[in-house]
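Here, each number is a calculation from the coordinates, and none is a lab measurement. The shown structure was predicted, so the numbers you read here are calculated from the model rather than taken from an experiment. Note: ideal-geometry Cβ built from the backbone for every residue, glycine included; neighbour counts use all protein chains shown.
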Amino acid sequence: MAPDARSDEWRSRRARRLAGLAWVRREDRTDGTPVRFVADELVVLDEHFATARQAFAEQGFSDRDIEEEGDVPAGFRRVRLPGLDVARAARRVRVQAEAAGDPRVAAGPNHVFVSTPFEHAGAYGPPRPAPPGTLPAADGSGGVGVLVLDTGIWLNGPLPKDRYATEDFEPDVDDDGVRDGEAGHGNFVAGVMLGRSRRVQPRVVRVVDPFGVCRESDLVAALRQAGDEPIISLSLGGYTLDDRPPVLLTAALTGLFGSSDRVVVAAAGNDGQHDRPFWPAAYAGTSAPWRRRIVAVAAHDGRRICDWSNTGPWITLAAPGADVLGPYVYHEQFPDGWARWSGTSFAAPFVAAAIADALPAVGSARLAAEAVVGGATLKYGRYAGVA
């Protein structure tokens, strides 16, 4: 199927919306792929804050200019200095920390992440109306919980309300927002899970705003409030300064995996990148002790990896992500409430649902993820996959 004719215009419009957010800054690589972060904010490990103060002084700031921000894990400082060159300050702290023998990422921006169809758009652009499909009934077992951090669920949609948990909302978006998927991304992600599994029970928590955007600190705060769900599904992400792991998110995941039996299933992103880590999925390719509890999911079209799907040595698995059918929202553009949509956003929940199905038999999320990955006998290029 040829790409939707609206794709280029859709991507352009969404990019303009993101560029219009005054609190977002960006730094572009030579290949044009952006790193986005919150203006004026730096996150620093406590023990390197003295170096950060030196970096601030080099830019003409005094201690009186430092504004402390809260909502960070223990051992970190999050500060705001209006007018700060964040990338320059972060690199200054990192260089000195590494020279002192500290291998950790000592400082970084508060990165900006987006839901993966936002600027990371699949081949077919926005969701397209489709005839209604069907969702299997629950199996009556009580379900396996999956925490979905996304846009939330729009109340006006065909999802069966007894199959998910959320705080329903009516999004403040215009008709373009509905057509672009800003209103119903969480609906579609949850619908993919429910279409794949009779056992899965998603709880959808709104972490990205109506533009599909969140700060790294927003994601970290949501992860700290996770309930008992053994599986977390993240159809969002982004790139980072110098491709290093994001500082706050690394700390949050370390705490999350250290205190419970959990796995995180993360979308690989849709930029067609083959050599650049897309976080949080790219943690699967790091040396973190919990890296095998990150399942990084690329998208295939039934025959091969989609050319728009990010890939790399950190990919764990490939799953269906092209022209996916799922429940969306009721709207004049979507009279039946169903749509077809493409993206790694929809490959990731397919895998999360498969892990939920496998969990009762093996007794833990970690073993369930290993069973799904180990049982993936199909090949899509160099990647194992499920269909």
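Overview of values
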quantity: Highest-MSF residue in the chain out of 30, 240, 311 [GNM, Cα springs under 10 Å]; calculated: 30
quantity: Cβ crowding within 10 Å averaged over residues, with 135-148, 261-274 ranked highest first; calculated: 261-274, 135-148
quantity: Descending semi-axes in Å of the range 240-343, equivalent ellipsoid built from Cα gyration tensor; calculated: 29, 17, 13
quantity: Fraction of beta bridges assigned by DSSP in the chain that are antiparallel (%, nearest 5); calculated: 55
quantity: Per-selection metrics, the range 237-301 (Cα): Rg and Dmax in Å; calculated: 11.8, 37
quantity: From phi via Karplus (6.51, -1.76, 1.60), per-residue ³J(HN,Hα) for the range 86-91 in Hz, x at Gly/Pro; calculated: 5, 4, 4, 5, 4, 5
quantity: Listed candidates (1) 57, 53, 38; (2) 81, 62, 43; (3) 61, 45, 39 - label of the one calculated as Cα extents along the principal axes in Å; calculated: (3)
quantity: Leading residue at positive end of dipole, the chain (Cβ point charges), from 131, 141, 358; calculated: 358
quantity: GNM top mover of 344, 151, 250 - the chain, alpha-carbon springs below 10 Å; calculated: 250
quantity: Built amide H within the under 5 Å cut-off of residue 310, gap 5+; calculated: 269, 270, 271, 272, 273
quantity: Fluctuation leader among 328, 164, 283 - the chain, Gaussian network, Cα springs under 10 angstrom; calculated: 164
quantity: Mean shadow area of the range 291-387 over all directions, Cα convex hull, nm²; calculated: 7.1
quantity: The chain - charge dipole about Cα centre, Lys and Arg +1 at Cβ, Asp and Glu -1, debye rounded to 20; calculated: 1080
quantity: Gyration tensor (Cα) of the range 38-112, equivalent ellipsoid semi-axes in angstrom; calculated: 17, 14, 11
quantity: Lys, Arg +1 and Asp, Glu -1 on Cβ, resulting dipole of the range 38-112 about Cα centre, debye, nearest 20; calculated: 240
